[in-house]
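**Q** Structure in structure tokens, see below.
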Amino acid sequence: MNRRSFIQLGLGAMSAMGAGVLAGCAGGAIAAATGGSANGAWDAAAFHAARRYLPTSYGQIAYVERGRGPVALLLHGFPLNGFQWRGVMAELAAHRRCIAPDWLGLGYTRVAQGQSVTPADQVGMLIAFLDKLGIDEVDVIANDSGGQVAQLLVAAHPQRVRSMLLSNCDTEIDSPPAAVVPVIEAARRGRFALDTFPPQLADHAFSRSDKGIGVLCFTYPQHPSDEAIDTYFRPLVESPERVRLTDAYAIGLDPNPLAGLEATLKQRTQPVRILWGTGDTIFSAASPDYLDRLFPNSRGVRRIEGAKLFFPEEFPHEVAQEALKLWASM
């Protein structure tokens, strides 16, 4: 699949479906005890039950947390939410207080009336969020547009970031990536959310096909799971206002939010590790090496062969192990 196939998400979903389509036994006792899979990851029911809302001037910020110790802030991709990190949180809860907020305009966050949802607003929200929780410093783990916000965060508030583990994400040389431009154009017409998510909610097999998000963004054909599809997509279209905010999130990705940031990021000395899936057809294959050169205290790049954009959901052990190695090196 080539990078331009992301058009299918922004423009082709409704036509493909027709205009009218709007834990297992292997888990055993561990799954029963944790409300999740055999590795201790929460299932959707447990994740929803753990959700909290933190009032800020930006709105009621939805988040989940798990574990104790220094804070790891997990920043999800687009159009996902904190559920993306359930496996990573299970792996790291013994080592960190893992906190996964939902972005303004995505997931379950209740955005304040009139609040914009650009990447710069996401940074402001994170600072207000951390201040409200009394958190001074975090280790960031980020994917996709979450990695974009992570770079903006460390540029503007370096004292709040202890380290960063970045996976496939925007860079100054590739933001927005060409494959996302049709999504932004559809969002400007008010059609991205409505043309993309109802068909995938109506037919989960379609969502896992090459016409939905599955083949494009996930490594394995069984992903995203039925519960992940519902958890990710249902809030994005649950009301006309949520539809508008979902489109607004996409619109905020252009023009390049990272433009002109290179000189500042070259001055940031936080340890940074890059974890990159080579099967990703959305972001440039040159981006991980660019990030490695950009940050003066980069701890190098690890590539996961064949892994696609949202691989942190599918490879939580690899993400957790890289995070632990990064933290141990500091």
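**Q** Within segment 120-128, is even one residue under 22 Å from R244 (Cα atoms), crowded, with 19+ Cβ neighbours inside 10 Å and touching a Ser or Thr at 6+ places or on another chain (Cβ under 6 Å)?
**A** The answer is no, given that none of the residues of segment 120-128 is under 22 Å from R244 (Cα atoms), crowded, with 19+ Cβ neighbours inside 10 Å and touching a Ser or Thr at 6+ places or on another chain (Cβ under 6 Å).
**Q** Okay, moving on. If you scan segment 63-84, which residues turn out to be of a type outside the set (G, A, S), buried (at least 24 other Cβ atoms within 10 Å of the Cβ) and closer than 18 Å to S163 by Cα?
**A** Within segment 63-84, L73, L74, L75, H76 meet the criteria.
**Q** Is segment 100-115 home to any residue that is crowded, with 24+ Cβ neighbours inside 10 Å, of a type in the set (V, I, T) and in a loop (DSSP other than H, G, I, E, B)?
**A** Checked segment 100-115: at least one residue is crowded, with 24+ Cβ neighbours inside 10 Å, of a type in the set (V, I, T) and in a loop (DSSP other than H, G, I, E, B).
**Q** Please enumerate the residues belonging to segment 251-290 that are farther than 18 Å from N168 by Cβ and in contact with a helix residue (DSSP H, G or I) (Cβ under 9 Å, 6 or more places away or on another chain).
**A** Selection gives I251, G252, D254, L261, E262, T264, K266, Q267, R268, T269, Q270, P271.
**Q** Within the bounds of segment 190-207, is there any residue that is at positive phi and modelled with pLDDT of 95 or more?
**A** yes
**Q** Which residues, taken from segment 303-330, are assigned to a helix (DSSP H, G or I), of a type in the set (A, V, I, L, M, F, W, C) and more than 19 Å from the chain's Cα centre (by Cα)?
**A** Within segment 303-330, L324, L326, W327, A328 qualify.
**Q** Please determine, by comparing only the residues of segment 158-192 that are of a type in the set (D, E) and either part of a loop (DSSP other than H, G, I, E, B) or in contact with a strand residue (DSSP E or B) (Cβ under 9 Å, 6 or more places away or on another chain) (or both), which one is surrounded by the fewest Cβ atoms within 10 Å (Cβ to Cβ).
**A** For segment 158-192, the residue satisfying everything is E172.
**Q** Answer yes or no as to whether V149 is outside any helix (DSSP H, G or I) and within 21 Å of F310 (Cβ to Cβ).
**A** Answer is no for this residue.
**Q** Going by the conditions given, is D144 under 24 Å from V319 (Cβ atoms), among the acidic types (D, E) and in contact with a helix residue (DSSP H, G or I) (Cβ under 8 Å, 6 or more places away or on another chain)?
**A** Here the answer is no, as D144 does not meet what is asked.
**Q** A further question on this structure: Can you say whether Q60 is crowded, with 21+ Cβ neighbours inside 10 Å, more than 16 Å from E313 (Cα to Cα), at pLDDT 95 or above and of a type in the set (S, T, N, Q), as far as the supplied structure shows?
**A** Judged against the criteria, Q60 is not a match.
**Q** Separate question: When you look at A100, is it within 21 Å of D247 (Cα to Cα), small (G, A, S) and in contact with a helix residue (DSSP H, G or I) (Cβ under 6 Å, 6 or more places away or on another chain), yes or no?
**A** When the stated conditions are applied, A100 does not pass them.
**Q** Report yes if some residue within segment 141-151 is surrounded by fewer than 24 Cβ atoms within 10 Å (Cβ to Cβ), modelled with pLDDT of 95 or more and more than 28 Å from F197 (Cα to Cα); otherwise report no.
**A** Checked against the condition, which is being surrounded by fewer than 24 Cβ atoms within 10 Å (Cβ to Cβ), modelled with pLDDT of 95 or more and more than 28 Å from F197 (Cα to Cα), segment 141-151 yields no hits at all.
**Q** Condition first: among the polar types (S, T, N, Q) and more than 19 Å from Y249 (Cβ to Cβ). Now tell me which residues in segment 133-170 satisfy that.
**A** Listed by number, the residues that qualify are Q159, S163, S167.
**Q** Moving to a separate point now. Restricting to segment 193-203, give me the number of residues that are in contact with a Phe, Trp or Tyr (Cβ under 9 Å, 6 or more places away or on another chain) and not in a helix (DSSP H, G or I).
**A** Looking only at that region, the number is 0.
**Q** Restricting the search to segment 280-330, which residues are farther than 28 Å from V181 by Cβ, surrounded by fewer than 18 Cβ atoms within 10 Å (Cβ to Cβ) and either out of contact with any Asp or Glu (no Cβ under 7 Å at 6 or more places or on another chain) or β-branched (V, I, T) (or both)?
**A** Listed by number, the residues that qualify are P296, N297, Q321, L324, K325, A328, S329, M330.
**Q** Do we have D131 as acidic (D, E), closer than 22 Å to P288 by Cα and at pLDDT 95 or above here?
**A** So D131 fails the test.
The values are calculated or read from the model by the stated rules, or taken from the named source; none is laboratory data. All figures in this text were calculated on a predicted structure; none of them were measured in a lab. A quick note on method: Cβ atoms are made from the backbone with ideal geometry, for glycine too, and the neighbour counts reach across all protein chains shown.
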